[in-house]
Amino acid sequence: MRAARPLHPALVLVIAFLGVIAVGTLVLLLPLSRAEPGSAPFMTALFTAWSAVCINGLGVVDTGTYWSGFGQAAILCMIQLGGFGMMTSATLLILWAGGAMRLRSRLLLQAETRSLSLGDVGSVARVVFVVTAAVEALVALWLTLRFALGYGMPWGQAAWYGVFHAISGFCNAGFSLWPDSLSQFVRDGWVLVPVMCAIVIGGLGFPVIHELWHYRGRREHHYSMHTVLTLWGSAALVLVGGALVLAAEWDNAKTMAPLDVPHRLLAALFTSVAARSVGFNAIDTGAMTDDSFVVHYLLMFIGAGSAGTGGGVKVTTFFILLVAVWSEIRGNADTEFRGRRITPAVLRQALTILVLSAGVIVLGLLIVMPMTDERYEKVLFEVVSAAGNVGLSTGITASLPPAAQMVLLLLMFSGRVGVITLAVALAARNHRPRIRYPEEKPLVG
């Protein structure tokens, strides 16, 4: 009798995330999870659990008032599991217990972290644990002190709010215990700056963090193309995005006009950072100008770094294609960057991710638009936010019909697991064709 073929690692990831979502939904359905008597409606529990595991942040109820302390703790656990990665967490437990990782465990972890080589998986996992624990602990401590000493919160409440927003920020989830997210702190850099640091570090991606950690203090080391593209690309997106948002909202009386210049700069920078991967907001998102919406569409679509806690098509995907376009304009036969050639296989992968992601957004928009009377700009905002795992909202998510909310859930899942991973999991093809056909060059443009 033939042995059963093991499941493809990508399919295991899909099943694992769906399993955590199912368990999370059941937990939130418990009367203990709701602040008021009775159980939460099924759709409310499902949407919240799905959004938390997919580290999206979109919600249909206010997290701080609708859910009890137990429910909030359950949501926070789902955020941590989703951000840390189910396969990463399982393998770290094996490492912590001193067990030896089998080859299949390494393959599963590599599928989640997208490590640069199979031999790096163990060290990447250790760095993931250390950085996650260190950043979340430091930011939580900072916020706890600020909330207690600066705003007079009781120490217990300050600690809970500090821990919750530190984890939500690092995991790029965007869940907040305040109805207006972080808008009340728009003039408080002591709150917004550490949250921004957590968002950026979590969104860089674990391979980048691993490389920065491993080669710290070694000037002679030349960082990999992936790390350079991620660091410089992220910086460019944050600064350019912040400048564009600042220009678009400078005279908007509902957002930045009431602020003085330093706080406008802080609000613009925070908005640009949050727009790429996390659902926190320091200004009223629904009151922004249409120009700011356009900037947000682009930032949410690009997203954060590969194998990080953010979403989107990823910084390297976008900038690799920009490099390819520039090389084509210059007439170069190869796509080159910093003295290295980018292989055609990587270019095909980047193009595939871009096209599939854009296609998913267009399809989602075409399905949701007939279900609601909301403005086109706001519906597109929700769709891109869901697909990019950002979690920012113009405030219409709760008012959408259940069918439209289900579409948003599917967009979240494709954005978290990854369009390519999901496609591979569904197809599960492991063989390469043995036949290569003759070449032909159709006209383009």
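Numbers for the structure displayed
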quantity	calculated
R0 of 45 Å, Cβ-Cβ distance W326-A134: FRET efficiency to nearest 0.05	0.75
About the Cα centre, charge dipole magnitude for segment 138-237 (Lys/Arg +1, Asp/Glu -1 at Cβ), debye	200
Added length on full extension, which subtracts the Cα-Cα distance from 0.36 nm per residue, E440 to E36	138.8 nm
Contour excess over end-to-end distance, with Cα ends at R340 and R216 and 0.36 nm allotted per residue	42.4 nm
Zone residues, segment 228-268, relative to D284, backbone N less than 16 Å from point 7 Å out along Cα-to-Cβ	249-259
Equivalent ellipsoid semi-axes - Cα gyration tensor, segment 263-330, angstrom	26, 15, 10
Convex hull (Cα only) mean projected area of segment 229-379, reported in nm² to one decimal	10.8
Potential lengthening between Y223 and V362 on full extension [0.36 nm per residue; Cα-Cα distance subtracted]	46.4 nm
Over segment 229-292 - Rg/Rh using Cα atoms and the Kirkwood inverse-distance radius	0.97
Segments 202-212, 167-177, 25-35, 151-161 sorted - mean Cβ within 10 Å per residue, highest first	167-177, 202-212, 25-35, 151-161
Pair-distance profile P(r), taking every C-alpha pair of segment 152-216, with 5 angstrom steps and integer %	4, 16, 21, 25, 14, 9, 7, 4, 1
Positive-end residue, segment 290-445 charge dipole about Cα centroid, Cβ charges, pick of T372, G305, G339	G339
Candidate lysines - alpha carbon under 26 Å from K378, same-chain residues fewer than 8 apart omitted	K254, K314
Listed peptides 13-21, 256-264 by packing density, highest first (mean Cβ within 10 Å)	13-21, 256-264
Dimensionless Rg ratio for segment 148-257, taking C-alpha atoms and the 2.2 N^0.38 Å reference	1.33
Centre separation in Å (Cα based) which lies between segment 227-286 and segment 299-342	23
Radius ratio Rg over Rh of segment 307-368, counting only Cα atoms, Kirkwood formula for Rh	1.07
Ranked packing of 341-347, 354-360, 189-195, 304-310, most packed first, by mean Cβ within 10 Å	304-310, 189-195, 354-360, 341-347
Cα-derived Rg to Rh of segment 199-309, Kirkwood definition	1.06
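Where a number appears in this text, it was derived from the coordinates with a stated rule and is not lab data. These numbers come from a predicted model, not from an experiment. Here the Cβ is made from the backbone with ideal geometry for all residues, glycine too, and neighbour counts use every protein chain on show.
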